[in-house]
Amino acid sequence: MSANPLQDTPALQKPALKVFLCAPRGFCAGVVRAIDIVEHALNKYGAPVYVRHEIVHNRYVVEGLRRKGAIFVEELDEVPDDGAPVVFSAHGVPKAVPAEALERKLLAIDATCPLVTKVHREAEIHYRRERKVILVGHKGHPEVIGTMGQLPEGAVTLVESADDVAALTFAPEDSLAYVTQTTLSVDDMAAVVNALQARYPHIVGPHRQDICYATTNRQEAVKEISHKVDAFIVVGSPNSSNSQRLKEVAERNGCRSAQLVLRADDIDWSLLRGIQSLGVTAGASAPEILVEEILAAVGEKFDLLVSTVTTATEDVSFPLPRNLREKAT
């Protein structure tokens, strides 16, 4: 008998598996910018660099930055007054947070995704025009907390579903506007917006939809593949809204079994038993190295035939904050 057990199981004995890789997948421009901000701050100012909340919702990314010298905190009162920079996460923060940082003379660096900032500005404009603002989003999500925190307490009404819309108490003649979280399911958002428009025909919406290009593109790629595969793996963290939505999109569009996993160790192999085809994608905060890790693990059990299904091409990039653009000395 061979000393190497792998040599006793020829690759040809592994069941064949067609793997369809979604494109686009993985990091979006806002996530790339946020991670770059932390790394540039570390290079320019040295460790430690404090980060309020997870810079993006991915434990692998957060742990990697922690090893380089980032310290993650929940609130600014955990940041000492010693001149070390503090970075605000890509999800955005309530106005009270930068105000506190300014009062304490902290070196604050804002990594809020520009597309989230766009939603913040829209909400402020509606408020200044004396419209009552409705936010479509998920209660408790950091982006929702940040958006609601742009306006005085009570100025924004949150709705999560069409049932919430039915429970609203605004009068038909009220001046209303809505904005949305950027990482929602496109289909779920459409259902809520349709309910808002049906009940309040004069409600004002965004000039362009608030759901970001990356969320939309990743969901469209999953839709393209879902009905063609027996199972789906979404690479991402459980607390990532856009990753959760990808799993839901796969299930709603014909895939009988979808799972959200951060690392290969998280795969539920029982859900892949007997399958002949598999879809794979990654949330906007999941690095490609984790997709490669997942494929390597699946490849140990199956003989893979991998193809990429491309539904959009992305070339978006966002500049760093001005104070980080010059090279560290």
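Given the criterion in a helix (DSSP H, G or I), charged (D, E, K, R) and more than 24 Å from SER185 (Cα to Cα), identify the matching residue among GLU143, GLU100, GLU122.
Going through GLU143, GLU100, GLU122 in turn, just one is in a helix (DSSP H, G or I), charged (D, E, K, R) and more than 24 Å from SER185 (Cα to Cα): GLU100.
Results for (1) under 20 Å from the mean Cα position of the chain (by Cα); (2) part of a strand (DSSP E or B); (3) free of Cβ contacts under 8 Å to residues at least 60 places away in the same chain, shown as yes or no for each residue.
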| residue | (1), (2), (3) |
| --- | --- |
| GLN197 | no, no, yes |
| PRO201 | no, no, yes |
| ARG208 | yes, no, yes |
| ALA214 | yes, no, no |
| VAL222 | yes, no, no |
| PHE232 | yes, yes, yes |
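Surrounded by 15 or more Cβ atoms within 10 Å (Cβ to Cβ), in contact with a helix residue (DSSP H, G or I) (Cβ under 6 Å, 6 or more places away or on another chain) and among the charged types (D, E, K, R), is that true of GLU100? Even if it seems obvious, please write down each step before you answer.
Values: surrounded by 15 or more Cβ atoms within 10 Å (Cβ to Cβ): yes; in contact with a helix residue (DSSP H, G or I) (Cβ under 6 Å, 6 or more places away or on another chain): yes; among the charged types (D, E, K, R): yes.
It is true that GLU100 is surrounded by 15 or more Cβ atoms within 10 Å (Cβ to Cβ), in contact with a helix residue (DSSP H, G or I) (Cβ under 6 Å, 6 or more places away or on another chain) and among the charged types (D, E, K, R).
For region 301-329, give me each residue that is of a type outside the set (Val, Ile, Thr), surrounded by 12 or more Cβ atoms within 10 Å (Cβ to Cβ) and more than 12 Å from CYS22 (Cα to Cα). Lay out the reasoning, then the answer.
Going through region 301-329, the residues of a type outside the set (Val, Ile, Thr) turn out to be 301-305, 307, 312, 314-315, 317-328.
Now restrict to residues that are surrounded by 12 or more Cβ atoms within 10 Å (Cβ to Cβ): 301-304, 312, 314, 318, 320-321, 323-324.
Once the filter is applied, which keeps residues that are of a type outside the set (Val, Ile, Thr), surrounded by 12 or more Cβ atoms within 10 Å (Cβ to Cβ) and more than 12 Å from CYS22 (Cα to Cα), region 301-329 yields LYS301, PHE302, ASP303, LEU304, GLU314, PHE318, LEU320, PRO321, ASN323, LEU324.
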Note to self: Is it the case, given these coordinates, that SER175 is out of contact with any helix residue (DSSP H, G or I) (no Cβ under 7 Å at 6 or more places or on another chain) and either buried (at least 17 other Cβ atoms within 10 Å of the Cβ) or of a type in the set (S, T, N, Q) (or both)?
What the structure shows: yes
Check: Within the set of pairs 6+ apart or on separate chains, which have a first residue in region 86-110 that is among the polar types (S, T, N, Q), a second that is in a loop (DSSP other than H, G, I, E, B), and C-beta atoms under 6 Å apart?
Finding: SER89/HIS53; SER89/ILE55
Next item on the list: Determine which member of the set ILE233, ILE275 is within 23 Å of LEU304 (Cα to Cα) and buried (at least 22 other Cβ atoms within 10 Å of the Cβ).
Entry: ILE233
Next item on the list: Sort through ALA258, ALA195 and tell me the only one that's out of contact with any Lys or Arg (no Cβ under 7 Å at 6 or more places or on another chain) and not β-branched (Val, Ile, Thr).
Entry: ALA195
Checklist line | Members of region 35-67 found to be out of contact with any helix residue (DSSP H, G or I) (no Cβ under 6 Å at 6 or more places or on another chain), of a type in the set (D, E, K, R) and either touching a residue at least 60 places away in the same chain (Cβ under 8 Å) or in a loop (DSSP other than H, G, I, E, B) (or both), listed by number | finding: ASP36, LYS44, ARG59
Notebook entry, point to check: Which of (1) hydroxyl-bearing (Ser, Thr, Tyr); (2) within 19 Å of SER240 (Cα to Cα); (3) surrounded by fewer than 16 Cβ atoms within 10 Å (Cβ to Cβ) does THR147 not meet, given it meets every other one?
Noted result: (3)
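Can ALA264 be described as closer than 22 Å to VAL56 by Cβ and either of a type in the set (Lys, Arg) or crowded, with 23+ Cβ neighbours inside 10 Å (or both)?
Details: closer than 22 Å to VAL56 by Cβ: yes; either of a type in the set (Lys, Arg) or crowded, with 23+ Cβ neighbours inside 10 Å (or both): no.
For ALA264, the condition - closer than 22 Å to VAL56 by Cβ and either of a type in the set (Lys, Arg) or crowded, with 23+ Cβ neighbours inside 10 Å (or both) - is not met.
With crowded, with 20+ Cβ neighbours inside 10 Å and free of Cβ contacts under 8 Å to residues at least 60 places away in the same chain as the only criterion, which of ALA258, ALA297, ALA284 stands out? Steps first, answer last, please.
Working: ALA297 fails: crowded, with 20+ Cβ neighbours inside 10 Å; ALA284 fails: free of Cβ contacts under 8 Å to residues at least 60 places away in the same chain.
Result of the check over ALA258, ALA297, ALA284: ALA258.
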Next item on the list: Please work out if SER270 is in contact with a strand residue (DSSP E or B) (Cβ under 7 Å, 6 or more places away or on another chain), over 30 Å from LYS118 (Cα atoms) and either touching a residue at least 40 places away in the same chain (Cβ under 8 Å) or not aromatic (Phe, Trp, Tyr) (or both).
Entry: no
Next item on the list: Of the numbered conditions (1) buried (at least 17 other Cβ atoms within 10 Å of the Cβ); (2) part of a helix (DSSP H, G or I); (3) modelled with pLDDT of 95 or more, ASP188 fails exactly one; give the number of that condition.
Entry: (3)
Margin query: When the residues of region 163-185 are narrowed to those that are assigned to a helix (DSSP H, G or I) and farther than 20 Å from THR147 by Cβ, which ends up nearest to the chain's Cα centre (by Cα)?
Written below: ASP163
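The values are calculated or read from the model by the stated rules, or taken from the named source; none is laboratory data. These numbers were taken from a predicted model, which means no experiment stands behind them. Ideal geometry is used to build each Cβ from the backbone, glycine not excepted, and the neighbour counts take in all protein chains shown.
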